[in-house]
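Single-structure report; data block below.
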Amino acid sequence: MSRHHPFYLAAILAAIVIPPFLSDYSLHLVIMVVIFAILTLSLNLISGYGGLISLGHAGFFLIGSYTSALLSVYQGWPFWLSMPTAILLTATSGLLLGFPALRWTGHFLAVITIAFGSIAQLLSVNWVFLTNGIDGVSSIPRPPLPGISLTSNVNYYYFVLICLAFIVYLMMRLVASGFGRALRAIKDDETAAACMGIDVAVTKVSAFVISAAIAGFAGALYAHYIRFLNPDSFSLDVSIRIFMMMIIGGTGSIAGSILGSFVVYVLPEVLRPLQDYYYLIWGVIVILVMLFLPGGLISLGSVLRAKMAARRDKLDPQVGSTETLS
Amino acid sequence: MKRRNFLSYLTAGLLALAYLPASAQEPVRIGLDAVLTGPGANNGERIREAAQWAVDLINEKGGVALPDGSKRPFELVVVDDQAKPDVGLSAIRRLVGDKSIVAFMGPDWSSVTYPTLFVGAEAGIPQFTSSVAQRITQEGHKHIFRARSTDTDWMGALADYLVKQEGKKKLGVTYANNEFGRSGRDVFVRILKEAHGLDPVVELSYAVGDKDFTSVAGRMIQSGVDVVVNLGNQPEGALLVKDLNNLGFTGLFAFNSADSIFLDLAKSNAEGVVGPLSWVHTKPDDKSKAFNEAFQKRFKRDPIGHSVIYFDAVNMIVDAIGKVGPSREALLKYLKSLDTWAGVQGTYHPSAPTGDMIHASVVIRYNKDLVPEVVSVRD
Amino acid sequence: MFFQLATSGIATGCAYALIALGFVMIWNTASVVNFAQGEFVVIAMFVALTCHVTLGWPLWLVLPIAVLIPALVGYATERVVIRPVIGAAEMTVVTVTIGLQIVLSDAAKIIYGGQPYSFPPLIEGRPLSILGIVVPRQSLVVIASMVVLAVGLHFLSQKTSFGKRLRAVSQDRETAKLMGIDVNRTIAEGFALSAGIAGVAGVLLAPIIYVSAGLGLPLLIKSFIAAIIGGFGSYIGALIGGLLIGVLDNLVGFYISSHYREVFTFLVLILVLLVRPQGLFPHHR
């Protein structure tokens, strides 16, 4: 970890310093990257650390977005009330989905979560009385903040960046806690974990609840940024996209989720001539990562260094061994 | 299909490199946002080809003329919204963020146009859309121009034809559960009530992507309707009419996307299908005939309504640039003061306060040779 | 009307059933859940479209090619990307097949664009009327093909040496290896076979629904649900589950609500998982 510090520091500095100088369009991209990073982190908690596949995170994202948007547009609630309500509601839906996760893992869970995401989207289309259906919800206000106007996109960027920082902090604490260790133990071997006295059921369900809550939070941030919602933005595509971000960035790595969101969201926009091909390219990268780089792009540096060190060892056995693998 | 695009990018790129020293002249750019991937990509491809063709024709004549008589190369910048609002927002921000783009066309899907309207409005850039949903021009935006007759025009023409010309009274309505289908349904049902005092006997919706329409067709036949009015996109319309015919439905099938894409899919099932269109290649006036001929020569097939809409839009922008030069503000101001402009589709009124420039529409009916015969024209 | 709806649902259901069958076959032999199974259907459709509609080749030549090519693609993908992950954590395997799904469906999209194409019926002629039920000829072709294929597969698995190897590997890979069976080869061949079955589904579906690049994933999800409802791992369960989903879809659309028919499919899935998690026809290994 320690040898990465300069790199992380530079990334954080760049995230703070550069955005005010970006064009409207680039600023929009980085705001979306930050929101997607939060979403990817939420998936990483259950998939990366818990080993539970979810292809339904767009459903949590949807519930969070719609709850906060509907409450603020039709009930006039301020963001600071509608957002926590959104989190509460998504957490509840996470609880509901957590129970099937007790019984089924792997592909069964993948289908159940697909079903969950699809049902959420279909209901948002069909429950016109609640969601306004296909017409969507418009004029969603930006969050009020005394002294600072969040209608400016630069300010909103810093707002979501602070939210991301908070989620990263939360995730680091969670992962390092007993809960995080229990989750990883279950991922490695559920039976062994149970024998060690870990309450598998409670751990799994809590992971789902926390993950859903974070995704709901991302949804609220999205709704109040984009200011218009309709069911089209919450299809299975979105769940798969988040999943790709997690895998490509690095499963089970916080920095990996952020890197993955950045790469998957921004690269296609930069490489416009490749636009027709980018989904294909991501698909290939997902497979390559799974076959050759299970730690994702974030592990690329250390893997290469290890390879180079190994080669140096071979060439010059006298120097080797002590300084490598530090 | 896409491979050719890549090749054309490549050749365009190489050509651009070759000409770089000769014409260091900055081109005049206009933008186009269309659906180039996903379920709506068929329309999107047609839109891109028509707009690109119009731009190419201008360049063949030496480029776009400026008020001082000089000419500059003309360039179309194309972005893809995948028919999704959030992708569309990125795409349109990209177009609008490029200050060298003086006007842009699109989106085509109302569900993308509506939530992204504010981007163009804030930038004060002229935007030409082919979306039909009514509310797009009801929000008081000053930069939006609709280059296509709306739901209201179409449904008025269709209801008149069905009720007055055909004398039908028992109408059933089916619609796709998307913006296009729903807004079409709302307008049709309202006009049917207001103009003819009728209510649909039965109404059913279906999802975009549905494959088996036996249940919808069955419900329609069971309720004994004379006409099924379907409001939605081409693939579902084609599947529905096939299932209706299979189950022995003998009434009329009226469809608001009964264009050549629909015909390609429905084949012989399209016989007797009635539909309102903004424009059709069999429209009997001279301008339409000339356009049709040129298009046939270039693409070896019939143009669709969208071909004309975007062809006209490019030419309207070119004419405006010739009057006031390539600047967003000047173009917007000029267009808003322009009372009439004659295009292939009919007469446009860019100065209309809402931005609804044109109300021309036709109702067609496919004969037994599957040629769309024009059965009623409105201007 | 009930029987009309059911008949038409059976035709679509047959296609789900075939896809589910191939899907279960891969699961049984290699313990791989293949999210790319629907893409083999799409490959077959586009091969048939290109050869028959664009190049004008006759159907008797086109149909075998359209089944063979997905089978070859299935064989190749097993060799290149699936084999290295067989036996790895399920998350890894699922991720690889999701990646494969993205690659294959997007390749189709790049080559053919996103628009639907129509494919001519395999048999010309007006729909037949049997006991007052309208049956399009195409539906009869689908139903007949499924019956023939199911019988053929049963014969293949019981009587041929390939079938026996396949069953041995499904039951226990380690024991099969000890018995001298080339497990890797059997798995690759099983992949090819299951992709070929998906190819048959594609050829049968092409005239009924339009051919387009985005079809794979929705078809896969429906078939996946069919396989789970039938009892994951059971062939007969996959077939019946598929038919059930097809029929249910139509009945719900007619009697309950066309709005909610998708929702109902998912609700049935959840209901089955809650009440009878082993499925309707549990698989005994």
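The values are calculated or read from the model by the stated rules, or taken from the named source; none is laboratory data. Being a predicted model, the structure only gives us computed values, none of them experimental. Cβ: placed from backbone, ideal geometry, glycine included. Neighbour counts: every protein chain shown.
Would you point out the residue of the range A:277-296, among those that are crowded, with 20+ Cβ neighbours inside 10 Å and not β-branched (Val, Ile, Thr), that is farthest from the other protein chains (Cβ to nearest Cβ)?
Our first condition is that a residue be crowded, with 20+ Cβ neighbours inside 10 Å; within the range A:277-296, this holds for A:279, A:282-283, A:285-287, A:289-290, A:296.
Imposing the further condition that a residue be not β-branched (Val, Ile, Thr) reduces the set to A:279, A:282-283, A:290, A:296.
Numbers: A:279: 4, A:282: 7, A:283: 3, A:290: 5, A:296: 11 Å.
Restricting to residues being crowded, with 20+ Cβ neighbours inside 10 Å and not β-branched (Val, Ile, Thr), the top hit is A:296.
Within the range A:49-89, which residues are more than 14 Å from chain C (Cβ to nearest Cβ) and among the β-branched types (Val, Ile, Thr)?
Across the range A:49-89, the qualifying residues are A:63, A:67, A:73, A:85, A:87.
Does residue C:270 satisfy the criteria of being touching a helix residue (DSSP H, G or I) at 6+ places or on another chain (Cβ under 7 Å), farther than 28 Å from residue C:84 by Cα, aliphatic (A, V, I, L, M) and surrounded by fewer than 22 Cβ atoms within 10 Å (Cβ to Cβ)? If you could, list the steps in order and put the result at the bottom.
Details: touching a helix residue (DSSP H, G or I) at 6+ places or on another chain (Cβ under 7 Å): yes; farther than 28 Å from residue C:84 by Cα: yes; aliphatic (A, V, I, L, M): yes; surrounded by fewer than 22 Cβ atoms within 10 Å (Cβ to Cβ): yes.
Yes.
Run down A:166, A:179 and say which single residue is of a type in the set (Phe, Trp, Tyr), in a helix (DSSP H, G or I), surrounded by 13 or more Cβ atoms within 10 Å (Cβ to Cβ) and within 23 Å of the chain's Cα centre (by Cα). First the steps, then the outcome.
Numbers: A:166 fails: surrounded by 13 or more Cβ atoms within 10 Å (Cβ to Cβ).
Only one candidate qualifies: A:179.
Which of the following residues is under 14 Å from the mean Cα position of the chain (by Cα) and either within 9 Å of another protein chain (Cβ to nearest Cβ) or not aliphatic (A, V, I, L, M) (or both): C:273, C:204, C:217? Outline the logic, then answer.
On the way: C:273 fails: under 14 Å from the mean Cα position of the chain (by Cα); C:204 fails: either within 9 Å of another protein chain (Cβ to nearest Cβ) or not aliphatic (A, V, I, L, M) (or both).
Step by step, each of C:273, C:204, C:217 is checked, and only C:217 is under 14 Å from the mean Cα position of the chain (by Cα) and either within 9 Å of another protein chain (Cβ to nearest Cβ) or not aliphatic (A, V, I, L, M) (or both).
Search the range C:245-261 for residues being at the interface with chain B (Cβ under 8 Å from one of its Cβ atoms) and either surrounded by fewer than 20 Cβ atoms within 10 Å (Cβ to Cβ) or over 24 Å from the mean Cα position of the chain (by Cα) (or both), and hand back the single one that is nearest to residue C:279 (Cα to Cα).
C:251
Among B:348, B:310, which is touching a residue at least 12 places away in the same chain (Cβ under 8 Å), under 20 Å from the mean Cα position of the chain (by Cα) and under 30 Å from residue B:163 (Cα atoms)?
Working: B:310 fails: under 30 Å from residue B:163 (Cα atoms).
It is B:348.
Which of the numbered conditions does residue A:84 fail, given that it passes all the others? Conditions: (1) modelled with pLDDT under 95; (2) surrounded by fewer than 24 Cβ atoms within 10 Å (Cβ to Cβ).
Condition (1) is where residue A:84 drops out.
Tell me, which strands (runs of 3 or more DSSP E) lie completely within the range B:143-225 with 2 or more residues that are free of Cβ contacts under 8 Å to residues at least 40 places away in the same chain? Walk me through how you get there before you give the answer.
Details: elements: B:144-146, B:171-176, B:202-206.
Answer list for the range B:143-225: B:202-206.
Does residue B:62 satisfy the criteria of being surrounded by fewer than 20 Cβ atoms within 10 Å (Cβ to Cβ) and either in a loop (DSSP other than H, G, I, E, B) or not polar (S, T, N, Q) (or both)?
Details: surrounded by fewer than 20 Cβ atoms within 10 Å (Cβ to Cβ): yes; either in a loop (DSSP other than H, G, I, E, B) or not polar (S, T, N, Q) (or both): yes.
Yes.
So, in the range B:352-379, how many residues would count as being hydrophobic (A, V, I, L, M, F, W, C), outside any strand (DSSP E or B) and buried (at least 17 other Cβ atoms within 10 Å of the Cβ)? Please lay out each step first, then the result.
Looking only at the range B:352-379, we keep the residues that are hydrophobic (A, V, I, L, M, F, W, C), and these are B:352, B:357-358, B:360, B:362-364, B:370-371, B:374-375, B:377.
With the extra rule that they be outside any strand (DSSP E or B), the set shrinks to B:352, B:357-358, B:360, B:370-371.
Those left that are additionally buried (at least 17 other Cβ atoms within 10 Å of the Cβ): B:357-358, B:360.
Within the range B:352-379, residues that are hydrophobic (A, V, I, L, M, F, W, C), outside any strand (DSSP E or B) and buried (at least 17 other Cβ atoms within 10 Å of the Cβ) number 3.
Provide a single number: the residues in the range A:124-134 that are more than 7 Å from every other protein chain (Cβ to nearest Cβ) and either surrounded by fewer than 18 Cβ atoms within 10 Å (Cβ to Cβ) or assigned to a helix (DSSP H, G or I) (or both).
As a first pass, look at the range A:124-134 and keep what is more than 7 Å from every other protein chain (Cβ to nearest Cβ): A:124, A:127-133.
Retained after the next criterion (residues that are either surrounded by fewer than 18 Cβ atoms within 10 Å (Cβ to Cβ) or assigned to a helix (DSSP H, G or I) (or both)): A:124, A:127-131, A:133.
So the answer is 7.
Is at least one residue of the range A:138-153 aliphatic (A, V, I, L, M), farther than 30 Å from residue B:180 by Cβ, surrounded by fewer than 19 Cβ atoms within 10 Å (Cβ to Cβ) and over 22 Å from the mean Cα position of the chain (by Cα)?
Pass one, the range A:138-153, residues aliphatic (A, V, I, L, M): A:140, A:145, A:148, A:150.
Then drop every residue that is not farther than 30 Å from residue B:180 by Cβ, which leaves A:145, A:148, A:150.
Narrowing further to those that are surrounded by fewer than 19 Cβ atoms within 10 Å (Cβ to Cβ): A:145, A:148.
Remaining after also requiring over 22 Å from the mean Cα position of the chain (by Cα): A:145, A:148.
Yes, the range A:138-153 contains at least one residue that is aliphatic (A, V, I, L, M), farther than 30 Å from residue B:180 by Cβ, surrounded by fewer than 19 Cβ atoms within 10 Å (Cβ to Cβ) and over 22 Å from the mean Cα position of the chain (by Cα).
Here are some residues: B:336, B:283, B:267. Which one is more than 22 Å from residue B:363 (Cα to Cα) and either more than 14 Å from chain C (Cβ to nearest Cβ) or part of a helix (DSSP H, G or I) (or both)?
Values: B:283 fails: more than 22 Å from residue B:363 (Cα to Cα); B:267 fails: more than 22 Å from residue B:363 (Cα to Cα).
Exactly one residue qualifies, and that residue is B:336.
Filter the range B:91-108 down to residues that are surrounded by fewer than 21 Cβ atoms within 10 Å (Cβ to Cβ) and in a helix (DSSP H, G or I), then give me how many there are.
First, pick out the residues of the range B:91-108 that are surrounded by fewer than 21 Cβ atoms within 10 Å (Cβ to Cβ): B:97-100.
Those still in the list that are in a helix (DSSP H, G or I) too: B:97.
Of the residues in that region, 1 qualify.
Residue under question is residue C:62, and the condition is that it be touching a residue at least 60 places away in the same chain (Cβ under 8 Å) and either buried (at least 24 other Cβ atoms within 10 Å of the Cβ) or more than 13 Å from chain A (Cβ to nearest Cβ) (or both); does it hold?
Working: touching a residue at least 60 places away in the same chain (Cβ under 8 Å): no; either buried (at least 24 other Cβ atoms within 10 Å of the Cβ) or more than 13 Å from chain A (Cβ to nearest Cβ) (or both): yes.
No: the conditions fail for residue C:62.
Across the range C:238-264, what is the number of residues that are without any contact (Cβ under 8 Å) to a residue 60 or more places away in the chain and out of contact with any Lys or Arg (no Cβ under 7 Å at 6 or more places or on another chain)?
10
Out of all the residues in the range A:59-75, which are among the hydroxyl-bearing types (Ser, Thr, Tyr) and either under 23 Å from residue A:113 (Cβ atoms) or surrounded by fewer than 24 Cβ atoms within 10 Å (Cβ to Cβ) (or both)? Full working, then the answer.
Filtering the range A:59-75 for residues among the hydroxyl-bearing types (Ser, Thr, Tyr) gives A:65-68, A:72, A:74.
Of everything in the range A:59-75, those that are among the hydroxyl-bearing types (Ser, Thr, Tyr) and either under 23 Å from residue A:113 (Cβ atoms) or surrounded by fewer than 24 Cβ atoms within 10 Å (Cβ to Cβ) (or both) turn out to be A:65, A:66, A:67, A:68, A:74.
Taking residue C:105, is it touching a helix residue (DSSP H, G or I) at 6+ places or on another chain (Cβ under 8 Å) and either at the interface with chain B (Cβ under 10 Å from one of its Cβ atoms) or free of Cβ contacts under 8 Å to residues at least 24 places away in the same chain (or both)? Lay out the reasoning, then the answer.
Details: touching a helix residue (DSSP H, G or I) at 6+ places or on another chain (Cβ under 8 Å): yes; either at the interface with chain B (Cβ under 10 Å from one of its Cβ atoms) or free of Cβ contacts under 8 Å to residues at least 24 places away in the same chain (or both): no.
So residue C:105 does not fit the description; no.
Rundown of residues vs (1) within 8 Å of another protein chain (Cβ to nearest Cβ); (2) of a type in the set (Gly, Ala, Ser), yes/no style:
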site	(1), (2)
B:60	no, no
B:70	no, yes
B:76	no, no
B:80	yes, no
B:87	no, no
B:90	yes, yes
B:99	no, no
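Return the total of residues in the range C:1-20 being closer than 15 Å to residue C:143 by Cα and more than 10 Å from every other protein chain (Cβ to nearest Cβ).
Going through the range C:1-20 one residue at a time, the tally reaches 6.
Determine whether residue B:201 is in contact with a Pro (Cβ under 9 Å, 6 or more places away or on another chain) and surrounded by fewer than 24 Cβ atoms within 10 Å (Cβ to Cβ). Show your work before the answer.
On the way: in contact with a Pro (Cβ under 9 Å, 6 or more places away or on another chain): no; surrounded by fewer than 24 Cβ atoms within 10 Å (Cβ to Cβ): yes.
No, not satisfied.
Out of all the residues in the range A:242-256, is one or more within 14 Å of chain B (Cβ to nearest Cβ), surrounded by 20 or more Cβ atoms within 10 Å (Cβ to Cβ) and in contact (Cβ under 8 Å) with a residue 24 or more places away in the chain?
Yes, there is a match, as at least one residue in the range A:242-256 is within 14 Å of chain B (Cβ to nearest Cβ), surrounded by 20 or more Cβ atoms within 10 Å (Cβ to Cβ) and in contact (Cβ under 8 Å) with a residue 24 or more places away in the chain.
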